[in-house]
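A short write-up of the structure that comes next.
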Amino acid sequence: MWARVSPSNEILEIIRHAKPITIDGIQHPRSIFTLWSDAEKAAIGIYPVQDTGHPNSRFYKWGSPTSTFNTVTKVVETSYSSTEKSMDDALWTLQDQTDEVIPPEKSVGDVKTQGLKNAQITSSKHTANTLLSPTDWYVTRNIERSKAIPSVVSTYRAAVISTLDTMETKIKAAATFSVFKALYEDEHYANDTIKATSVIHTWPTTPE
């Protein structure tokens, strides 16, 4: 990705894909973007774009990108404004009732939008149910026919439930945004290999 920059350092255009382009009355083929050196492109006002990437949408709301020409590095730097998503649920309010925007099946005080914490708890419960469902038949058989559940299965199911309980406790205990985000971060050794998987992504191994 490139940008066309004026002599006064104003960004005139963001060029996302190579294309023919006319500058100062001269038409250049699309091949200049791949064949010309950075210095040659800079001579006609075309510079590379360095996009930092948008923030993780799991945790942040982010807006349109802002591009700035760095006169030292000769690179157009693109960044995104962002705001942290709320960790707590948003509820329907009296004002919402006055504005008549509350759905018929909802009332003042009901959850309008799940916050990060409860959204993750809901997701984790879904994961736990998915992990448990293949062995549910053992439980049904035990109830209906008094057939013993194999120890490897009961141990696994207990581990899944315990993992979910621990995960939910840690999610609820996260008092700050940074502590909550850390639940998703793997622990690494000095050589950057994974030492321990993040709390959110650590589940018991399915028995064979």
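Observations
- For residue 88, the conditions (1) out of contact with any strand residue (DSSP E or B) (no Cβ under 9 Å at 6 or more places or on another chain); (2) in a helix (DSSP H, G or I); (3) surrounded by 10 or more Cβ atoms within 10 Å (Cβ to Cβ) are fulfilled apart from (2).
- A search for C-beta distances below 7 Å between a residue of region 18-44 that is assigned by TED's automatic domain parsing to the domain that holds residue 69 and at pLDDT 95 or above and any residue that is β-branched (Val, Ile, Thr) and surrounded by 14 or more Cβ atoms within 10 Å (Cβ to Cβ), counting only pairs 6+ apart in sequence or on different chains, returns 23/44; 28/21; 41/32.
- Scope region 89-110; condition out of contact with any Ser or Thr (no Cβ under 9 Å at 6 or more places or on another chain) and either small (Gly, Ala, Ser) or assigned by TED's automatic domain parsing to the domain that holds residue 37 (or both); matching residues: 107
- Boolean, residue 86 is closer than 25 Å to residue 62 by Cβ, polar (S, T, N, Q), under 25 Å from the mean Cα position of the chain (by Cα) and modelled with pLDDT of 95 or more: yes
- All of 44, 14 fail the test of being touching an Asp or Glu at 6+ places or on another chain (Cβ under 8 Å) and of a type in the set (A, V, I, L, M, F, W, C), apart from 44.
- Options 123, 67, 86: the member that is closer than 30 Å to residue 10 by Cα and either of a type outside the set (D, E, K, R) or touching a Lys or Arg at 6+ places or on another chain (Cβ under 9 Å) (or both): 67
- Strands (runs of 3 or more DSSP E) contained entirely in region 1-50, each with at least 2 residues that are touching a strand residue (DSSP E or B) at 6+ places or on another chain (Cβ under 9 Å) and farther than 21 Å from residue 77 by Cβ: 21-23, 26-28
- The residue that is farthest from residue 129 (Cα to Cα), among those in region 143-179 that are outside any helix (DSSP H, G or I) and among the hydrophobic types (A, V, I, L, M, F, W, C), is 175.
The values are calculated or read from the model by the stated rules, or taken from the named source; none is laboratory data. These numbers come from a predicted model, not from an experiment. Virtual Cβ from ideal backbone geometry, glycine too; neighbours counted across all protein chains shown.
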